[in-house]
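Have a look at the structure below before the remarks.
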Amino acid sequence: VNSLTVLCNYFIFPMKKLAREPKEAVLTSEEIQTIFSNIELLRSLNQTFMDNIKKEIDKGTEEKTDIGKTFMEFSQFFKMYTMYVNNYDKAVQFLKNMKNLKYDQFIKAQLQREECKQPSVESYLIMPIQRIPRYKMLLKEVIKNTEEGHPDLPDLHKATEAIAKVAKHINEEVTKAKNREKILELEGLFQGNVEMVHPA
């Protein structure tokens with residue numbers, strides 16, 4: 001969450017503000033959207049999720065913790081990562097091909113700030129891609145360290161299954177999107193150059 005907050009506060013928000021003034025703009029609003037997709041929404045989601053998890057952890061041993069239940073409650077919202085994952089390759093390619101001195105100077109200056117711990121924007125952009133797989137790993141580790149008979153254990157197992165389903169959903173949607181892109185590319189190649197073959 002901290003890294004996404006840094007990305008929003010020191011990169012996205014300032015560039016969006018500058019984009020309102022064409023002479024000051026580092027990137028256009030459309031270019032910002034191409035690079036960062038729905039990362040602001042994901043940051044808000046993660047902040048709310050982490051606040052809820054922290055409440056459960058802070059209960060200590062005196063109250064029943066519901067970490068598994070919290071994961072399950074948020075699992076459907078985690079499907080919002082699909083949009084980001086679908087856009088990721090496009091964003092990386094866009095940055096790779098972009099020639100923009102103003103952007104380069106802005107990013108260089110921001111990365112030198114004490115709050116910015118990553119070496120590049122790309123290092124921040126990969127983080128949401130890693131989030132759902134890390135949740136799966138985290139849940140497995142929590143289960144491994146939860147004693148048999150603990151009241152939260154059944155929900156932890158259910159949460160692991162729920163997160164696995166989210167990961168599967170995201171992968172399937174990404175595959176569908178890539179297949180659609182390939183079809184569109186093929187249609188573009190053949191459009192106007194295809195003659196109907198009629199039987200003799």
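The values are calculated or read from the model by the stated rules, or taken from the named source; none is laboratory data. Everything numeric here is computed off the predicted structure, so don't read it as measured data. Using ideal geometry, Cβ is built from the backbone for each residue, glycine included, and neighbour counts are taken over all protein chains shown. Ligands, DNA and RNA are excluded from the accessible area calculation, which covers all protein heavy atoms including side chains. Shrake-Rupley method; radii C 1.70, N 1.55, O 1.52, S 1.80 Å.
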Karplus ³J(HN,Hα) for the range 13-29 (6.51 cos²θ - 1.76 cosθ + 1.60, θ = phi - 60°; Hz, whole; x = Gly/Pro) runs 4, x, 5, 5, 5, 5, 5, 6, 10, x, 6, 9, 4, 8, 9, 6, 4
For the chain, longest principal axis from Cα atoms; helix 39-57 axis from its Cα atoms; angle between them, nearest 10 degrees, is 10
For the chain, the accessible surface attributable to carbon and sulfur atoms (probe 1.4 angstrom, ligands and nucleic acids excluded) amounts in percent to 54
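For the chain, what is the mean residue ellipticity at 222 nm derived from helices alone (per DSSP H run of n ≥ 4: -39500 (n - 2.57); sum divided by total residues; nearest 500 deg cm²/dmol)? It would help to have the intermediate numbers written out before the result.
Working: 10 runs with 138 residues, N = 200.
Theoretical 222 nm ellipticity from helices: -22000 deg cm²/dmol.
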Straight-line reach check, Lys54, cutoff 16 Å on alpha carbons, 8 or more apart in-chain or any other chain, hits among aspartates and glutamates -> Glu62, Glu63, Asp66, Glu73, Asp152
FRET efficiency (Glu172, Ser120; Cβ distance; R0 30 Å; to 0.05) is 0.50
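Considering only the other residues whose Cβ falls under 13 Å of the Cβ of Lys178, what net charge follows from Lys and Arg at +1 and Asp and Glu at -1? Each step should come with its number before you reach the end.
On the way: positive: Lys90, Lys176, Arg180, Lys182; negative: Asp89, Glu172, Glu173, Glu181, Glu185.
Summing Lys and Arg as +1 and Asp and Glu as -1 gives -1.
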HN-Hα couplings for the range 88-94 via Karplus (6.51, -1.76, 1.60; θ = phi - 60°), in whole Hz with x for Gly/Pro, come out as 4, 4, 4, 5, 5, 5, 4
Computed from the beta carbon distance with a Förster radius of 25 Å, FRET efficiency for Met80 and Lys23 to the nearest 0.05 stands at 0.10
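Enter the accessible area per residue of the range 12-51 (Å², integer; probe 1.4 Å; all protein chains in place).
Working: 2190 Å² over 40 residues.
Solvent-accessible surface per residue comes out at 55 Å².
Please state the shape class of the range 94-136: rounded when a/c is under 1.5, otherwise prolate if a/b exceeds b/c and oblate if not, all from the C-alpha gyration tensor. Intermediate values should be presented prior to the final figure.
Values: a/c = 5.12, a/b = 1.62, b/c = 3.17.
Oblate, because a/c is 1.5 or more while a/b does not exceed b/c.
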Using alpha carbon centers only, the range 174-189 is separated from the range 89-152 by a whole-angstrom value of 27
